[in-house]
1. Can you give the FRET efficiency to the nearest 0.05 for A:Gln305 and A:Lys45, using r as the Cβ-Cβ distance and R₀ = 35 Å?
2. Could you tell me whether the range A:44-149 comes out rounded, prolate or oblate from its Cα gyration tensor? Rule is a ≥ b ≥ c as square roots of the eigenvalues, rounded for a/c under 1.5, then prolate if a/b exceeds b/c, otherwise oblate.
3. Please get the size of the charge dipole for the range A:94-354, origin at its Cα centre, with Cβ charges of +1 on Lys and Arg and -1 on Asp and Glu, quoted in debye to the nearest 20.
4. Using label points projected 7 Å from each Cα along Cα→Cβ, tell me how many nm separate B:Ala144 and A:Leu62, to one decimal.
5. Which net charge results when you count Lys and Arg as +1 and Asp and Glu as -1 among the other residues whose beta-carbon is under 9 Å from that of A:Tyr237?
6. Kindly identify residues of the range B:59-82 having a loss of at least 20 Å² in accessible area between the isolated chain and the assembly of all protein chains, probe radius 1.4 Å.
7. Compute the distance in nm between two label points, each set 7 Å from the Cα along the Cα-to-Cβ direction, one at A:Ile4 and one at A:Arg27.
8. Can you give the FRET efficiency to the nearest 0.05 for A:Lys259 and B:Val41, using r as the Cβ-Cβ distance and R₀ = 60 Å?
Amino acid sequence: MPRIPTALLRKARTIDAFLPALLAPCRDLHTAQNELRWLREHVEKVAKARRAKRDTLVKGALLGQLVRERAKGKPLQYLLGTEYFGDLEIKCRPGVLIPRQDTAASVTHLAKLVRTAPNLPAELRVLDLCTGTGCIPLLFRHEFTSNRKDFDLRIVGIDISDKSIGLAHYNLLKNERIIQARAGMTNFAKADVLADPFGDLTIGAPLPVRSMLNHNKWAPFWDILISNPPYISPSAYWKTTTRSVRGFEPKLALVPPPKSKFDDRQQGDMFYPRLLKIAEEVEAKIVLLEVADLEQALRVAQLAQKLDVFDGIEIWRDEPDVSSSQPTNEDGFHVYGEGNARSVVCWRSEGGSWLGKSSSPKPPELLQDAPEETSSNSYWPPSYYQSNEVNFNAMPRFMWKRHMGDQRGKPPTRWRTPKTRWREPA
Amino acid sequence: MQLLSPITALVRPRITLSSTVRHALHNSAVLLSKQLPPRRVIPESEIIENFLKGSGPGGQKINKTSSAVQLKHIPTGIVVKYQDTRSRAQNRKIARKLLQDRLEEHELGDDARTRVKAREKSKKKASSDKKKRRKYRALEAGKADEESAEELEGVEELEGDAEVESGDAGKSVGTQGKREGVDKAG
């Protein structure tokens, strides 16, 4: 990192005595001035709150302390306690990753595409894995309900950390008035995305996603799956992340856990096979996964292509909603928008029309054939696959719940026909 | 007396606690003397939006605090940049408003809403300055009158002062004499 010139430091000193210290993390004068202004506004706000409680506050001392902490590299969002994510102000606390604006751009774009779709189900279900502050579910709901209020939106955010679940609940409470959370459901729960749903459960460990959904009696099928998982490989963590990210943000949210026989790149990509597997299990129509760069985006897209369950896969850059730019083609995948490659989007069946993709590349016969191939090693009777409507008499009683969603006792509002093949547990 | 009692009930001042906040009954905005022209709507297709950021890594790897927005109006080439708030959504909104203002100034010249407002403001300031000047001139004039009056009365006052002084002098002389007497006695 280049050294800050003395002339600049001196110039900063003449403007404000606190500015030279802020130049260290900000690197340029304009940003430093902005940050100092925000810190001052924050101190004023704190002082006002104290005054309301008949308490006093030494403003200069607090500002000095905040500036010193910022100079050491502590993220501004942790000092001020909030970060803006789209239109929402999300609370941040040390120990939980700060929401990034690039994520907000992708989520907003997705919500804008889906909310204009004509053939949405009466109850749209969205699952967000590795939710952190809960910013993605809250923003999705906010963007979605801003012009569509005619149906139920059920959103669940999942994370492994207790701190983040607590913060997500708190954020839901704080933003409730803005996002009209009463229509439908927003909830957060603790689960382990990487855990094997068929493996042995250890006492005290978080449940796998599937088991958690069952345990909470939530629907096993979800329409949209969004995730911003840890995706930085250990070597990239030391080389490319900034000091303030390395020193103050949780490594749990940035780097996947180490595993034996995994090399550096495989460790960075560790979450994606699991996420795609979960997407397949919950029959997600649209999957949005955040990635670090174009290389990782292409690796994830190829992984999704190999699964052979998605009708289409594309890559979005930092600003996917720039209408002027034409999609470029990288390795057979369309890349939309401007900036770094930021997310991989996969869709199937109705998902394509929700996203405004008219063509469905898969012919319908293939879908019809698919169950019959595996019918020999499946333990469901053939009538289960062949009938177009769900035959409740042909399936075991415990499967009824799965087809009736989570509304037990009532007639199912949404009949589902199984389109994916049932697979034996590996 | 029977007629008066309801009136006193109406007139009786209401008990107000110091902690309660009293609001004005009318809270509609004061209308400007002249209605401003309607805002010019800029279609999004005429704007190039840019979120000014470095070419380095993004996403989880960096933690940006600035969310600067730069707008360029394609037909006129006017460029506007805004980064004062932490929210990108807010910055985008304000940047669009700024661009609207610049564009209006470019198209309408002196009829633009910013110019109209500035004129209104400067007019108000000029009139208040004028009032201020008039007030202080009056005060100065008043002072000058008093001074001239004082000059006229000065002679009498001086005489009066002299009397008082002489009186004082006499007293002081008297006390001195006493002291001397005491000293002598000592």
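1. On the way: r = 50 Å, r/R0 = 1.44.
Here the calculated transfer efficiency is 0.10.
2. Numbers: a/c = 3.52, a/b = 2.29, b/c = 1.54.
Verdict is prolate for the range A:44-149.
3. Numbers: 30 positive and 33 negative charges, 159 e Å.
Taking the Cα centre of the range A:94-354 as origin, the dipole is about 760 debye.
4. 5.3 nm
5. Working: positive: A:Lys239, A:Arg246, A:Lys251, B:Lys61; negative: none.
With Lys, Arg at +1 and Asp, Glu at -1, the neighbours total +4.
6. Buried on complex formation: B:Gly59, B:Gln60, B:Lys61, B:Ile62, B:Asn63, B:Lys64, B:Thr65, B:Ser66.
7. Inter-label distance under the simple model: 1.3 nm.
8. Numbers: r = 56 Å, r/R0 = 0.93.
The calculated FRET efficiency here is 0.60.
The values are calculated or read from the model by the stated rules, or taken from the named source; none is laboratory data. Predicted model only: the values in this text are computed from it and were never measured. So basically every Cβ, Gly included, is an ideal-geometry build from the backbone, and we count neighbours across all protein chains shown. Please note that ligands, DNA and RNA were not included when accessible areas were found on the heavy atoms of the full protein model with its side chains. Shrake-Rupley method; radii C 1.70, N 1.55, O 1.52, S 1.80 Å.
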